[in-house]
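Undergrad: I am attaching a structure below and will ask some questions about it afterwards.
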Amino acid sequence: MKMFMKFSCVLGTALLVAAASLQAQVDVTRPGDDIIGVAALLGDQVSTISTDYPGGEAPQYAIDGSVATKYLNFTKVNVGFIVTLPEDRSLANVTGIQFISANDAPERDPIVVSLEGANAASAMSAATAATTWTTLYTGSSGLPTDIVRYGLGAIQTFDNEQYFNTYRLLVTDLQNTGGANSVQFAEVQLLGSIAVIPEPGTGLLIGLGTLGMWGLRRRSR
Ligand SMILES: [Ca+2]
């Protein structure tokens, strides 16, 4: 019984990894995910909450799936957002980003960006509590300086084998930082794979097995 359970656990883990690696790259965020505006420098454990944006151009509009809406922030640089994925997508392995430019003012386009990963209870706690961030990417946004409005930037890929439920995206340079009054973009996609979480029944089976073994140990005392 013990041997069978050990084998089942190993098999289950192998299937979980295999399922994750077989998945095509998808945008791991969805409209309505827990997202807040923040200002920070790369590696800062605590972020500053940023509400330096018009209500209709809030951080949520960077991941709402619509190019007609945008996220705009008057802080311009060293600013962006933190997003925390819900429980059913909490095991996300992000290996790429892709921006879509906004409707106007190309000088506001992000040109240099960074992406960091962490695990947190919420976007707010990731911002306000000391959080250890792992740098996943720093470099080009993939938006060329001659990108058209509502233009799809090049996918920027990077090596990353770690899974996180929380991501901090910061913009560090714009197409024309001196001439712009804000940073803005219509969308950003965090591309990667979402691991399949075992069905509740599987966890229950393992849990009952563990309980059974605990009972056997108790009786043999
Ligand atoms: Ca949008």
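The values are calculated or read from the model by the stated rules, or taken from the named source; none is laboratory data. Computed from a prediction, not measured in an experiment: that's the story for all the values here. Every residue, glycine as well, gets a Cβ built from its backbone with ideal geometry; the counts of neighbours run over all protein chains shown.
Undergrad: Counting only residues that are in contact with a Lys or Arg (Cβ under 8 Å, 6 or more places away or on another chain) and crowded, with 17+ Cβ neighbours inside 10 Å, give me the strands (runs of 3 or more DSSP E) lying completely in the range 158-197 with at least 3 of them.
TA: 183-185
Undergrad: In this structure, does Ala127 turn out to be at pLDDT 95 or above and farther than 28 Å from Asp88 by Cα?
TA: no
Undergrad: Within the range 66-77, how many residues are in contact with an Asp or Glu (Cβ under 6 Å, 6 or more places away or on another chain), away from the ligand (no atom under 16 Å from the Cβ) and of a type outside the set (A, V, I, L, M, F, W, C)?
TA: 1
Undergrad: Moving on. What pairs can you find where one residue is in the range 57-68 and β-branched (Val, Ile, Thr), the other is assigned to a loop (DSSP other than H, G, I, E, B) and more than 7 Å from the ligand (Cβ to nearest atom), and their Cβ atoms are less than 8 Å apart, with a gap of 6+ or different chains?
TA: Ile63/Thr29; Ile63/Arg30; Ile63/Pro31; Ile63/Asp33; Val67/Tyr150
Undergrad: Out of Gly142, Gly80, Gly153, I need the residue that is away from the ligand (no atom under 16 Å from the Cβ), surrounded by 20 or more Cβ atoms within 10 Å (Cβ to Cβ), under 21 Å from Val28 (Cβ atoms) and modelled with pLDDT of 95 or more. Which one?
TA: Testing whether each residue is away from the ligand (no atom under 16 Å from the Cβ), surrounded by 20 or more Cβ atoms within 10 Å (Cβ to Cβ), under 21 Å from Val28 (Cβ atoms) and modelled with pLDDT of 95 or more leaves just Gly142.
Undergrad: Given the options Asp88, Asp146, name the one that is more than 15 Å from the chain's Cα centre (by Cα) and farther than 22 Å from Val46 by Cα.
TA: Asp146
Undergrad: In the range 89-112, what residues are away from the ligand (no atom under 16 Å from the Cβ) and farther than 19 Å from Asp64 by Cβ?
TA: The answer is Ser90, Leu91, Asn93, Thr95, Gly96, Pro106, Glu107, Ile111, Val112.
Undergrad: Something else about it: Of the residues in the range 25-65, how many are away from the ligand (no atom under 16 Å from the Cβ) and over 25 Å from Thr135 (Cβ atoms)?
TA: 1
Undergrad: (1) on the phi < 0 side of the Ramachandran plot; (2) within 16 Å of the ligand (Cβ to nearest atom): which one isn't true of Thr131, the others all being true?
TA: All conditions are met except number (2).
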